[in-house]
1. Excluding same-chain residues fewer than 8 positions from residue A:307, which lysines have a Cα within less than 28 Å of its Cα?
2. If you place +1 on the Cβ of every Lys and Arg, -1 on the Cβ of every Asp and Glu, and leave all else neutral, what size is the dipole of the range B:175-241 about its Cα centre, to the nearest 20 Debye?
3. Viscosity 1.306 mPa s, temperature 10 °C: what is the translational diffusion coefficient of the range A:64-135 from Stokes-Einstein with a Kirkwood Rh over Cα pairs, rounded to a whole number of µm²/s?
4. Can you tell me the orientation of helix A:2-15 relative to chain A, as the angle in degrees between its alpha-carbon axis and the longest Cα principal axis, to the nearest 10?
5. Evaluate peptide A:73-83: per residue, the Cβ atoms of other protein chains within 10 Å of its Cβ; return the mean as an integer.
6. Using Cα springs under 10 Å in a Gaussian network model of chain A, which residue among A:50, A:267, A:303 shows the largest mean-square fluctuation?
7. Can you pull the percent of Cα pairs in chain A with separation above 38 Å?
8. Any idea what log10 I(q)/I(0) is at q = 0.13, 0.15 Å⁻¹ for chain B, Debye with uniform C-alpha scatterers and no solvent?
Amino acid sequence: MRATCQNMVYDLAKRDNRVIFIGSDLSPGLLAQMKKEMPERWYMEGITEANVIGMAAGLAMEGYIPYVNTIATFITRRCYEQVAVDLCLHELPVRLIGNGGGLVYAPLGPTHLAIEDIAIMRALPNMTVTAVCEAKEMVRLMNCTLDWPHPIYIRLAKGGDPVVSVEENGFAIGKAIPMRRARGRRSIVLMSTGVMTTNCLAAADLLSKDGHDVSVVHFHTVKPLDEEAALEFADGAELVVTVEEGTRIGGFGSAVTDVLVEKLGVATPPVLRIGLPDAFPHKYGLQEELFEIYGLTPAQIAARTVKSLKVKDKVA
Amino acid sequence: MTRVRAMHEIDVATAPLDERSKYLRRLVVRTLHGGERGHVGSSMSLVEIMRVLYDDILRFRADEPKWRWRDRMILSKGHGCIAQYVMLAEKGFIPYEVLDTFCRRDSILGGHPEAAKIPGVEASTGSLGHGLSYGVGMALAARIDKRDSRIIVVMGDGEINEGSVWEAALSAGKHRLSNLTAVVDYNKVQSAGPTSEVQDLEPLLDKWRAFNFAAVEVDGHDVEALREVFRRLPLAPDRPSAVICHTVKGKGIAFAENDANWHHKSKIGKDVVAQLYAALE
């Protein structure tokens, strides 16, 4: 997904001379061909995130479309003031590509884990927040970024992610994609973003084997949230489960819950929000191992869903 | 004969202000009166810098603020905006009457300038330490476009405490942006007190030079000296320029000069306005 995204910047730059790449201190040789062919539109500015965002803003004020790339924590937290003022207040078409969203950098520890990127980016007026599920979908997203008039945060996953998206489903920023439809209305609805959609599809298979009727809706865009899709699938559902690789505070699940509560009121179905707790992760290992610690594997998502159904029945 | 002198020779504010400088300061007071508040000291130190830039240096079209070939002036120390607002009125970007609406609910003129509202304002500033990076981006854009627009970023001395300024300076030096000029309104007093005590900037000229800028110092209230420096831009053919303007906080208002308490004032009523006008007689 990362290589696809970066290569797409070059591809877009060949199509549109407004496209500019700005990295911080990334891999040697990154987009070398672009650097060679269009040196005035390829920059590697060093570890100066605040400056890089402002520089991108200055270029965008003059009509360019800068794609800025560095590690997710640093492109969000490190320069949050610049993202807010330079990009969002001025509403400039700068694209922020954050490497290693969520728990990707598990072995590197909590300084490198972007657990709240979606929440804090979502809080900024005018910001668009995206987390696609794999490389094929990344291509579709990147093709839409040339003409989107607002700043965009593009959260990257680890890479090599299994392909689950389908071209026939189409792609538009702000439009959720139903990946699996339940037979009836009174069903379980799994709503997810990023690579958690892949885990939700696997969880849905497990739930289905146990006789549950399950939908899976993929929100590659967390903001603007496809409220229509959220409401359509939630209305009448037995249980809504939101799943994200990020903090539950202010993240994707919060966005969905806000909409449901505001629009459905007392008719809001029970909602289980699966995500990361309000704590810095202190284990290392692999991303998959942290998934297990935080209950984000397909089997755990299925089990937590079933448990939640039981609790709901007990309360009823 | 050059009037740009070495730092130890700069003794600011000995010459009396000429009539135009006093007139512009009266417009600043008019604006403060309109909002009953504002950054008094921070605007007064900037008056000659803004005056010379708009009167003699910048290329612009007031009836076409987004004219592609214009020079870009970014007031990075956004809190000094009244000094820019009066020049925008002087040049016809905004009517004078708008000055009287400063900071009022539906005004286009806030306590910090907003690009989306005010013709002639390039960027919304107020949060400090952002302007030089905008300038780097704009200067690169001009280079790519093969446009000869000059980009001038005016910063405060307190502002350059921000690390982001020095990140931007690294980039500007690296890219040898000769179309970019950093101007520092070095009035030696920030909100909390003297810059020498709060966060000492010296040796300031050496710092800019160390970041690969061609840097000079000038008396920031000496109109002729400012003209001369700005007309020489770029100071070097292959490097960005830095112009350190030695100024006086609150310049022209004797009782407010060099006093951090006049950095910003609210509740500026008729009595205070009368005192401010009287000081400019």
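Nothing in this text is a laboratory measurement; each read-out follows from the coordinates by a stated rule. Owing to the predicted nature of the structure, the values given are computational and were not obtained by experimental measurement. Virtual Cβ from ideal backbone geometry, glycine too; neighbours counted across all protein chains shown.
1. Partners found: A:209, A:263, A:283.
2. 400 debye
3. Rounded, D is 126 µm²/s.
4. 50 degrees
5. That works out to 1 on average.
6. In this elastic network of chain A, the residue with the biggest mean-square fluctuation among A:50, A:267, A:303 is A:267.
7. That tail contains 13 percent of the Cα-Cα pairs.
8. -0.81, -1.11
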